[in-house]
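Undergrad: If you scroll down you'll find the structure; I have some questions about it.
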Amino acid sequence: MFRTAFLVLSLAGALCLWAQAPAVAACTDRPAKESDWTNCKKSSLSLVGMGLQRSVMIKADLAGTDFSQAALQGADLSKSNLANTWFVKADLTKSNFAGAFGTRTRFTDANMTDADLTKVELSRGDMIRARLENAQMGGAQLLRVNLTGARLKGAKLTASNLSRAMLIGADLSDADLRGAYLYLTRIEGTDMSGTTGLEQWQLQIACGDAATKLPAGLVRPGSWPCPAPEP
């Protein structure tokens, strides 16, 4: 009798612990809101227009997957592989990309307002007309990224690497550029007058022209304009 009672209590305790245990990532789960694909291989998929709000894809392999027009508000894609991944016109509001990496990732016309892109490594990517208002981009490696027409109002770009990036026509009002590396960064005709933290040494290595607007106290370098960018 006592043995039976002990077994019943043990089983009840185990069931209680199981019920309280956190959900384990299921790589075979269908795409849906709040999916957990942590450490999963989800490369070369077509997820166009999918509702994936608050999904967790930490350290996931998302190379070549198409998230165009998908709803990814609040999703966590930190430290994920984004090589050749598409987020064209996707809603990435308040999403987390911290530490994500990849080349030729496309964010054309994506909404990345309030997103976290701290220390991303996304060289040769496309962020044309992307909305990056108030985005956290400190330490981001954005070499040769095309940010033409991007909205970077209030973005934190401190200590970021924008070497050979395109910022032509970007909205940089209130953007923080302290310590940003602007080697051959294309800012021809761009209004830089509302930025914060911009220093003369950054302009000396950047590529502007007579139409580039600068903050008070800074001057156009004599080396401007630069030669045409390399292909």
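The values are calculated or read from the model by the stated rules, or taken from the named source; none is laboratory data. In this text, all values refer to a predicted model and were calculated from it rather than measured experimentally. Methodologically, a virtual Cβ is constructed for each residue, glycine included, from the backbone with ideal geometry; neighbour enumeration extends over all protein chains shown. Surface accessibility is based on the protein's heavy atoms, side chains included, excluding ligands, DNA and RNA. Shrake-Rupley method; radii C 1.70, N 1.55, O 1.52, S 1.80 Å.
Undergrad: Kindly write out, for segment 104-111 in residue order, the coupling ³J(HN,Hα) from the Karplus curve 6.51 cos²θ - 1.76 cosθ + 1.60 (θ = phi - 60°), rounded to whole Hz, with x marking Gly and Pro.
TA: So the Karplus estimates, Gly and Pro as x, are 6, 6, 10, 10, 3, 6, 6, 9 Hz.
Undergrad: Another question, if that's okay. What are the residues whose amide H is under 5 Å from the amide H of Asp76, where those residues sit 5 or more places off or on another chain and H is modelled from the backbone?
TA: Correct list: Ser55, Val56, Met57, Asn96.
Undergrad: Sum -39500 (n - 2.57) across every DSSP H segment of at least 4 residues in the chain, then divide by the residue count to get the 222 nm mean residue ellipticity, nearest 500.
TA: -3500 deg cm²/dmol
Undergrad: What is the gain in length, in nm to one decimal, between Trp201 and Ala83 on full extension, counting 0.36 nm per residue of separation less the C-alpha to C-alpha distance?
TA: Net length gain for the segment: 39.2 nm.
Undergrad: To continue, here is another question. Taking the Cα centre of the chain as the origin, how large is its charge dipole in debye, to the nearest 20, when only Lys and Arg (+1) and Asp and Glu (-1) carry charge on their Cβ atoms?
TA: 400 debye
Undergrad: Can you work out the accessible area per residue across segment 38-141, with the rest of the protein chains kept in place, probe 1.4 Å, in square angstrom?
TA: 40 Å²
Undergrad: When the accessible area of the chain is split by element with a 1.4 Å probe, what percent falls to carbon and sulfur?
TA: It is 56 percent, rounded to a whole number.
Undergrad: How high is the relative contact order of the chain? Use alpha-carbon pairs under 8 Å, at least six apart in sequence, and give a whole percent.
TA: 9 percent
Undergrad: Mind listing the long-range amide H neighbours of Gln69? Cut-off is under 5 Å, sequence gap 5 or more, other chains count too, H placed in the peptide plane at 1.01 Å from N.
TA: Gly49, Val88, Lys89, Ala90
Undergrad: Using every alpha carbon pair in segment 143-231, what percent of pairs falls into each 10 Å bin from 0 up to the bin containing the largest distance?
TA: It works out to 19, 61, 19, 0, in whole percents.
Undergrad: Among 186-192, 216-222, what's the highest-first ranking by average C-beta atoms within 10 angstrom per residue?
TA: So the order, starting with the most tightly packed, is 186-192, 216-222.
Undergrad: Projecting each Cα onto the charge dipole of the chain (Lys/Arg +1, Asp/Glu -1 at the beta carbon, about the Cα centre), which of Leu143, Ser46, Gly154 comes out farthest on the positive side?
TA: Value: Ser46.
Undergrad: Sticking with this one: Enumerate lysine pairs in the chain that are 8 or more residues apart or on different chains, then count those whose Cα atoms are under 12 Å apart.
TA: Within the chain, the lysine pair count is 5.
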